[in-house]
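Heads up: the structure comes next, in structure tokens.
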Amino acid sequence: MIDDKLVIAGIEFNSRLWVGTGKYKDFAETKKAIEVSGTDVVTVSVRRVNIIDKNKENLLDYIDPKKYKILPNTAGCYTAKDAIRTAMLAAEAGITKLVKLEVIGDEKTLFPDNEATLEAAKVLVKEGLIVLPYVSDDPIMARKLVDIGCPAVMPLAAPIGSGLGIRNPYNLRIIMETVKVPIIVDAGVGTASDVAFAMELGCDAVLLNTAIAGAKDPIAMAEAMKYGVLGGRLAFKAGRIPRKLYATASSPIEGLIGS
Amino acid sequence: MNITLNGEKREVPDSLTVIGLLLHLNIQHQRVAVELNESIVKKDSYASTAIKDGDALEVVSFMGGGSDCGFRIAECGIKHAAV
């Protein structure tokens, strides 16, 4: 799949599988899973430095920012104000202008607060950040976010960490028809077939974390996800056959014995 | 003087700048971002920004995380690193 690169705001992404760095056993496992997944984009959270135990290992000792595109996120933010502060701090850390904007609306579902997300996105776009917003699978919200300058949108497939897979493929399709920017499915996928399905729908990339980190064998699942994305993308490019209710024989009728 | 650092009261030497504080705490300043009383301190201002008694600072860095970790920032911090 040469020349099938994903480009967002002028940045070329080699992989259509984007991965998170949370919930792993340790940094070594995080590193290994990321390597095996074949990704070049890893999302990280922004958190207070541990003042008491300064010698604690740093994630960036394992994930080389020269090798991977670091995508800071505003996970854990419940207000536009907190998300803006967090995103601005991430940008000031000096590695990237990219941010995965999340403003969470509810602790039980972790669904996005779309209204607050739009409010925060407006501010951050004006500040010059490349804002990739986590959003409900809502075509109207997606359009509003693109209208104010988001170069891609990240609709959820299902609640974060739920592993339920693509719950509403029709909305994703409508989003893809509504906005002409890359669509990155963010959150809710459970296994490689979910990822393949998202790619077959025509989504541009998938971001996941728990589906790999929470698997019995995270390293093996990282590899499965790599092939899920590749297979799904190839199938989308190849163009699947239409669905039909009845059979169509694939062997010729002529030359059958007894005819 | 007394400051609030990452949400906790802390006594530090008088007349410190931001860079002075980071050195005092032995924090690698290349990989962090600093907020002083809710305003971001640019890296090139670390040496010229003085910290006063009663100031509130946030020093953050990148940690593991995917989508939401389930902790609010106020209760996250150190706890998150162990997740």
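The values are calculated or read from the model by the stated rules, or taken from the named source; none is laboratory data. If you're wondering where the values come from, they're calculated on a predicted model, not measured in any experiment. Don't worry about glycine lacking a Cβ; one is built from the backbone with ideal geometry, like all the others, and counts go over all protein chains shown. Areas reflect the complete protein model, heavy atoms only, side chains present, ligands, DNA and RNA absent. Shrake-Rupley method; radii C 1.70, N 1.55, O 1.52, S 1.80 Å.
Filtering the stretch A:1-32 to residues that are under 15 Å from the mean Cα position of the chain (by Cα) and farther than 21 Å from A:TYR227 by Cα leaves A:ILE8, A:GLY22. Yes or no: B:GLY65 modelled with pLDDT under 95, touching a His at 6+ places or on another chain (Cβ under 8 Å), under 30 Å from A:VAL19 (Cβ atoms) and among the small types (Gly, Ala, Ser)? Considered against the rule, which asks whether it is modelled with pLDDT under 95, touching a His at 6+ places or on another chain (Cβ under 8 Å), under 30 Å from A:VAL19 (Cβ atoms) and among the small types (Gly, Ala, Ser), B:GLY65 comes out as yes. The residues of the stretch A:25-41 that are closer than 22 Å to A:VAL185 by Cβ and open to solvent by 20 Å² or more (accessible area, probe 1.4 Å), listed by number, are A:VAL36, A:GLY38.
Which one is nearest to the other protein chains (Cβ to nearest Cβ) among residues in the stretch A:1-54 that are within 30 Å of A:ALA238 (Cβ to Cβ) and among the aromatic types (Phe, Trp, Tyr)? Selected residue: A:TRP18. The set of residues in the stretch A:41-84 being part of a helix (DSSP H, G or I) and closer than 24 Å to B:ILE40 by Cβ consists of A:LEU59, A:LEU60, A:ALA80, A:LYS81, A:ASP82, A:ALA83, A:ILE84.
Would you tally the residues in the stretch A:63-112 being open to solvent by 20 Å² or more (accessible area, probe 1.4 Å), acidic (Asp, Glu) and within 17 Å of A:GLY22 (Cβ to Cβ)? Qualifying residue count for the region: 1. When we screen A:ILE104, A:ILE51 for residues that are touching a Cys at 6+ places or on another chain (Cβ under 9 Å) and either modelled with pLDDT of 90 or more or more than 25 Å from A:ASP204 (Cα to Cα) (or both), the only hit is A:ILE104.
Contact map, the stretch A:212-237: first residue at negative phi and in contact (Cβ under 8 Å) with a residue 60 or more places away in the chain, second residue basic (Lys, Arg) and assigned to a helix (DSSP H, G or I), Cβ cut-off under 6 Å, separation 6 or more or different chains; pairs are A:ILE219/A:LYS32. Mind listing whichever residues of the stretch A:12-38 are assigned to a strand (DSSP E or B) and out of contact with any strand residue (DSSP E or B) (no Cβ under 7 Å at 6 or more places or on another chain)? Selection gives A:GLU12 alone.
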